[in-house]
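Okay, so here's the structure we're looking at.
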């Protein structure tokens, strides 16, 4: 008897689940989420935008759609779709507040985008803008512009490389792993004495407050950071299509005198990473 009761209970629960699934109609741009009112479904902003003094492209670099936010309980005026009929809203570039377009001074600033739901719940999307000293730029840039999007086929990850000034670039995620948070790193491309490209990546602070350096795909372990900088730079391994290749070396501190321990310390393994421009 107990088995029969269990069996019919199971069938009843399954029927309820099927009916609920069939009667739910959801706008594909909307996601019902009850744990937060409201919440960000998609954020298209970079965490940090970095420029040298005088660059005027700050506003142009902000995406037209900054984010998609959802309040599945109260909704938004002017929203669309979903549980309430207006539960989702796109935050646009034109909604910006607090953006300083002044790049004439060294330092940092922030800008933010803010919307309130019908229930008077507020959500804020923000990012940081850093303005660097002109000495950070490259006085003798290499002939090839590296800016663009690069695929790491091994993981399917797309690496974004942004030109800050001629020969001076910002890398979003040099490890090419979606599971690791983005942190901006700087790469230089300087013209060599023979007129060719010459990449350089000096030691920088990693996500664990140690040091990180991009080196030649042929670089051995166990050398100092200064030695890698001088003799083992990352490489352009093909120009058709443009292909970049390097190993990631991690150090206990972001100090040129630090010796690579021959092991991964924070997020990165020791393998060769190859990125092909798309």
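Results for (1) buried (at least 16 other Cβ atoms within 10 Å of the Cβ); (2) at pLDDT 90 or above; (3) assigned by TED's automatic domain parsing to the domain that holds residue 47; (4) over 22 Å from residue 256 (Cβ atoms), shown as yes or no for each residue.
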{"position": "160", "(1), (2), (3), (4)": "no, yes, no, yes"}
{"position": "201", "(1), (2), (3), (4)": "yes, yes, no, no"}
{"position": "212", "(1), (2), (3), (4)": "yes, yes, no, no"}
{"position": "221", "(1), (2), (3), (4)": "no, yes, no, no"}
{"position": "235", "(1), (2), (3), (4)": "yes, yes, no, no"}
Leading residue by the ranking (modelled with the lowest pLDDT) among those in the range 94-111 that are exposed (fewer than 15 other Cβ atoms within 10 Å of the Cβ) and closer than 27 Å to residue 41 by Cβ: 98
Enumeration of residues in the range 183-198 that are surrounded by 17 or more Cβ atoms within 10 Å (Cβ to Cβ) and under 23 Å from residue 266 (Cα atoms): 183, 184, 185, 187
Residue identified as in the same structural domain as residue 59 (by TED's automatic domain parsing) and within 14 Å of the chain's Cα centre (by Cα) among 178, 127: 127
Matching residues in the range 226-253 - criterion: being part of a loop (DSSP other than H, G, I, E, B), more than 22 Å from the chain's Cα centre (by Cα) and touching a residue at least 12 places away in the same chain (Cβ under 8 Å): 232, 233, 241, 252, 253
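The values are calculated or read from the model by the stated rules, or taken from the named source; none is laboratory data. Remember, predicted model here, so these are calculated numbers, not experimental data. Cβ coordinates were reconstructed from backbone atoms using ideal geometry, including for glycine residues, and neighbour counts include every protein chain displayed.
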